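K.L.:
One structure, pasted below without further comment.
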Amino acid sequence: MATAAIGVSSSNNRLTSAVYNDVDADGIKDSGEAALKGTKVFIDADKPGYAAYWAELVPRVRPGGLLLADNVLWSGQITDPGVTDANTTALRAFNDLVACDDRVETVVLTAFDGLTIARRR
Ligand SMILES: [Ca+2]
């Protein structure tokens, strides 16, 4: 098993903490987008970036692989229409995006701060 973190930089608003687990060594070496096929991806990064990270990561996960996203309930604020800050708004949009994405089967754990678990079809 190998683990690779990608695009680690917060200064240019790139992926800050998505991590591939179980990627094969050749994929890491190539680091070509198509070559890097993971079986588990964890997104825990800047919230306005979640949708872009999702778009970038779903194609890179093998069928049967998992995509996890942290903080998707945002302390319950996503259900409060009075909360309209950038992070909360971004997480609402992300949750809608994932719910409508037929490339994955998805559940949201209401434990912790909300954890999306999506299995790639
Ligand atoms: Ca988090």
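The values are calculated or read from the model by the stated rules, or taken from the named source; none is laboratory data. The structure presented is a predicted model; accordingly, all values stated were derived computationally and were not measured. Methodologically, a virtual Cβ is constructed for each residue, glycine included, from the backbone with ideal geometry; neighbour enumeration extends over all protein chains shown.
K.L.:
Considering only residues of segment 99-121 that are more than 14 Å from the chain's Cα centre (by Cα) and free of Cβ contacts under 8 Å to residues at least 12 places away in the same chain, which is nearest to R62 (Cα to Cα)?
P.N.:
Looking at the filtered set, the residue picked out is C100.
K.L.:
Considering (1) over 13 Å from the mean Cα position of the chain (by Cα); (2) surrounded by 13 or more Cβ atoms within 10 Å (Cβ to Cβ), say which one D96 fails and leave the rest.
P.N.:
(2)
K.L.:
Checking I28 against (1) modelled with pLDDT under 65; (2) touching an Asp or Glu at 6+ places or on another chain (Cβ under 6 Å), which test does it fail?
P.N.:
(2)
K.L.:
Taking segment 65-121, which residues are of a type in the set (S, T, N, Q), part of a loop (DSSP other than H, G, I, E, B) and under 19 Å from G49 (Cβ atoms)?
P.N.:
Within segment 65-121, N71, T84 qualify.
Okay, residues lined up against (1) in contact with a helix residue (DSSP H, G or I) (Cβ under 9 Å, 6 or more places away or on another chain); (2) away from the ligand (no atom under 16 Å from the Cβ); (3) modelled with pLDDT of 90 or more:
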| site | (1), (2), (3) |
| --- | --- |
| A18 | yes, no, no |
| D22 | no, yes, no |
| G32 | no, yes, no |
| G38 | yes, yes, no |
| A45 | yes, no, no |
| W54 | yes, no, yes |
| V72 | yes, no, yes |
| G76 | no, no, yes |
| V83 | yes, yes, yes |
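K.L.:
State whether one or more residues within segment 96-108 are away from the ligand (no atom under 16 Å from the Cβ) and modelled with pLDDT under 95.
P.N.:
no
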